[in-house]
Amino acid sequence: MSDITLYQFASSHYNEKARWALDWKAVPHERVSLLPGPHMLRIRKLTGRTQTPVLVDGERIVPDSAAILAHLEQRFPEPPLVPADPADRQRAFGIATRFDAEVGPAVRLAKFFDVMNATYAAQAFCDEQSALTRAVYRASFPIVAGVMKRSMGIDADNAVVARERTRQALDFVAKESQATGYLAGGDFCIADLTCAALLMPTVDLSDLGGPLRVDTDEERRWLARWADHPGVEWVRGVYRRHRTR
C-alpha cells in the first residue's frame, strides 16, 4: 500500500492537474474519489478548508493543485516539470499562475452553468460509486447544486463572462504554442500541464487519459461549442504526447 493518497473529484480539472503530475512522475499512490457536497466533512478534517485536491504524503498534507505540483517537483524531481532555463521557468510559472487564478474558475463556472444537472452530476462524480450511492446523490443533487451556485456565483451573467474568458484562454494556447508546440521553451513543462488540464473540460479526452465523457445532451452541446477551436487541438496534442497513466 502506498503512503501517498490523493483525495479528489473524479472529473475536476484542478484534480486532473494533480493526477497528471503524479502519473507523469510515475509516483505510486492511491486515489480516493469524493462526492461534491458530502466531501466537505472529510476534507475539512484534513485541511480546515473544503477544496480538492488534497495530497497526503505520509504525515505531510498538501492542499491545492499548485502546491501539490510544487511538492511533487521537490520530492520527485525526475522527470522535471520546471524548465531549466531561467527565462523559460519564469514564463512557465507566470502562465501556470494566471491559469490557476483566472482560467480554471472561468472554465468551471461556464461548464457548470451549461451542463450541470442531477443526471450529469451522477455520471461525472459517481462513476466509481455504487448504484445506490448514485441514486441517492442524484436525488439530493438539487441541494448540492444550490450550494454550488451560491458559493461559485453561477448565474447567467457570470456565465457569459466565463465563456469569453474560456475562449480567450483557448486563443492564448493556440497562439503561444505555434513556434514549438509548447508554451515555455521547447519542451513539456508545468505551463503545458496546467493549461491543458484546466482546459480539459472543453474537450472530449476520454480516449487520451482524461475523465470519461458524460453522455448527455447538455454535454454534447458544450463540447460542440469549442470543437472547431485550434486551442482544442493543442489540448488534445498535449494529452496525446504526454498524458501517461
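At 222 nm, what value in deg cm²/dmol follows for the chain if DSSP H runs of at least 4 each add -39500 (n - 2.57) and the sum is divided by all its residues, to the nearest 500? After summing the helix terms and dividing by residue count, I get -18000 deg cm²/dmol. Membrane-span-like helices of the chain, defined as complete DSSP H segments with a Cα extent of 27 Å or more along the helix axis and a mean Kyte hydropathy of at least 0.5, are identified as 131-152.
Rolling a 1.4 Å probe across all protein chains gives Lys111 an accessible area of roughly 20 Å².
Using alpha-carbon pairs under 8 Å, 6+ residues apart, how would you state the relative contact order of segment 13-138 in percent? Write down the numbers at each step before the final one.
Numbers: 82 pairs, mean separation 26.1, N = 126.
The value is 21 percent.
Once all protein chains are placed together, Asp3 keeps about 90 Å² accessible to a 1.4 angstrom probe. Per residue, the chain exposes an accessible area of 47 Å² to a 1.4 Å probe, with every protein chain left in place. In this structure the amide hydrogen of Gly181, modeled in the peptide plane, comes within under 5 Å of no amide hydrogen from residues 5 or more places off or on another chain.
Please label the shape of segment 1-113 as rounded, prolate or oblate, based on the square roots a ≥ b ≥ c of the eigenvalues of the alpha-carbon gyration tensor (a/c under 1.5 means rounded; beyond that, a/b larger than b/c means prolate, else oblate). It comes out oblate by the Cα gyration axes.
At the residue level, Val32 shows approximately 40 square angstrom of accessible surface with a 1.4 angstrom probe and all protein chains present.
Over segment 115-222, what is the relative contact order in whole percent, taking alpha-carbon pairs under 8 Å and six or more residues apart?
Details: 52 pairs, mean separation 29.1, N = 108.
RCO, segment 115-222: 27 percent.
With a 1.4 Å probe and every protein chain kept in, tell me what percent of the accessible surface of the chain is carbon plus sulfur. Mind showing how you got there, number by number?
Details: 6050 of 11580 Å².
Carbon and sulfur together cover 52 percent of it.
For the set Glu233, Glu102, Glu59, Glu219, the ranking by accessible area, highest first and with no ligand, DNA or RNA atoms included, is Glu59, Glu233, Glu102, Glu219 under a 1.4 Å probe.
Each part reduced to its alpha carbon centroid, segment 136-150 and segment 1-72 end up 23 Å apart. Partner lysines whose Cα lies under 25 Å from the Cα of Lys111, excluding those fewer than 8 positions away in the same chain, are identified as Lys17, Lys149, Lys175. Placing a pseudo-label 7 Å from each Cα along the Cα-to-Cβ vector at Val161 and Arg98 gives an inter-label distance of 1.9 nm. Of the beta bridges in the chain, as assigned by DSSP with both residues counted there, near 65 percent are antiparallel. Using C-alpha pairs below 8 Å separated by at least 6 residues, the relative contact order for the chain is 24 percent.
Once the piece of chain linking Asp114 and Arg241 is laid out straight, how much longer is it, given 0.36 nm per residue of separation minus the C-alpha distance between them? Don't skip to the answer; put the middle values down first.
On the way: separation 127, 0.36 × 127 = 45.72 nm, distance 2.98 nm.
Roughly 42.7 nm would be gained on extension.
In terms of the Cα gyration tensor, with a ≥ b ≥ c the square roots of its eigenvalues, is segment 17-74 rounded because a/c is under 1.5, prolate because a/b exceeds b/c, or oblate? Prolate is the answer for segment 17-74, as a/c is 1.5 or above and a/b outweighs b/c.
The values are calculated or read from the model by the stated rules, or taken from the named source; none is laboratory data. Worth saying up front: this structure is predicted, and the values here are computed from it rather than measured. Using ideal geometry, Cβ is built from the backbone for each residue, glycine included, and neighbour counts are taken over all protein chains shown. Note: areas computed on protein heavy atoms with side chains; ligands, DNA, RNA excluded. Shrake-Rupley method; radii C 1.70, N 1.55, O 1.52, S 1.80 Å.
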